[in-house]
């Protein structure tokens, strides 16, 4: 069994000299995310920008864990990059340290490419619940080849844009506190 923690799923352990807890999960709030999912017949590429606010008066350092969906259909990513942060591979994700400036917003960018064994791709968002409060704003772009038939998403798209080669779905959620992950299926 895989335990998934999260930025839409990141687990944060904070260390500071004096750390107040103004919110339900402490002074760091997972505020926003912009996610691009590029689905191809045998791979999923994820590009995500994650934004956090720190309400503390002093700088904080956090151990972050970025999980991947791993099961019989989703193998460990074959390419990973957490820009401006070194990371260590773990059984079900990667971990890295992040510094938060006092009273400010700090962000990081993550990329991974994951081989797919079936006609389904998943992006973890349910671990948002580990933060014990919703993300203020979550924006998603999901692009699939135009040749994919019967495409289904777990979240209803706000719009879809078709070209000769792709279909791109967009959806935005405010106060995002999901009870299911983003899954794309096709035939």
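Quick look at the values:
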| item | result |
| --- | --- |
| Considering residues of the stretch 118-128 that are touching a residue at least 60 places away in the same chain (Cβ under 8 Å) and in a loop (DSSP other than H, G, I, E, B) only, the residue surrounded by the most Cβ atoms within 10 Å (Cβ to Cβ) | 125 |
| Whichever residue in the stretch 74-96 is within 20 Å of residue 53 (Cβ to Cβ) and touching a strand residue (DSSP E or B) at 6+ places or on another chain (Cβ under 6 Å) and, among such residues, is surrounded by the fewest Cβ atoms within 10 Å (Cβ to Cβ) | 83 |
| Total residues in the stretch 166-187, condition in contact (Cβ under 8 Å) with a residue 24 or more places away in the chain and part of a strand (DSSP E or B) | 14 |
| All positions within the stretch 150-165 that are exposed (fewer than 10 other Cβ atoms within 10 Å of the Cβ) and outside any strand (DSSP E or B) | 150, 156, 163, 164, 165 |
| Entirely in the stretch 1-111, the strands (runs of 3 or more DSSP E) that have 1 or more residues that are modelled with pLDDT of 95 or more and within 19 Å of the chain's Cα centre (by Cα) | 28-39, 43-54, 60-67, 79-82, 93-100 |
| Flag for residue 175 being surrounded by fewer than 18 Cβ atoms within 10 Å (Cβ to Cβ) and at negative phi | no |
| Residue within the stretch 22-43 that is farther than 30 Å from residue 116 by Cβ, touching a residue at least 60 places away in the same chain (Cβ under 8 Å) and touching a helix residue (DSSP H, G or I) at 6+ places or on another chain (Cβ under 6 Å) present | yes |
| Residue tally, condition under 19 Å from residue 47 (Cβ atoms) and in contact with a helix residue (DSSP H, G or I) (Cβ under 8 Å, 6 or more places away or on another chain), over the stretch 120-165 | 7 |
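The values are calculated or read from the model by the stated rules, or taken from the named source; none is laboratory data. As the structure is a prediction and not an experimental result, all values here were calculated from the model. Because the Cβ atoms are built from the backbone with ideal geometry, glycine has one as well, and the counts that use them run over all protein chains shown.
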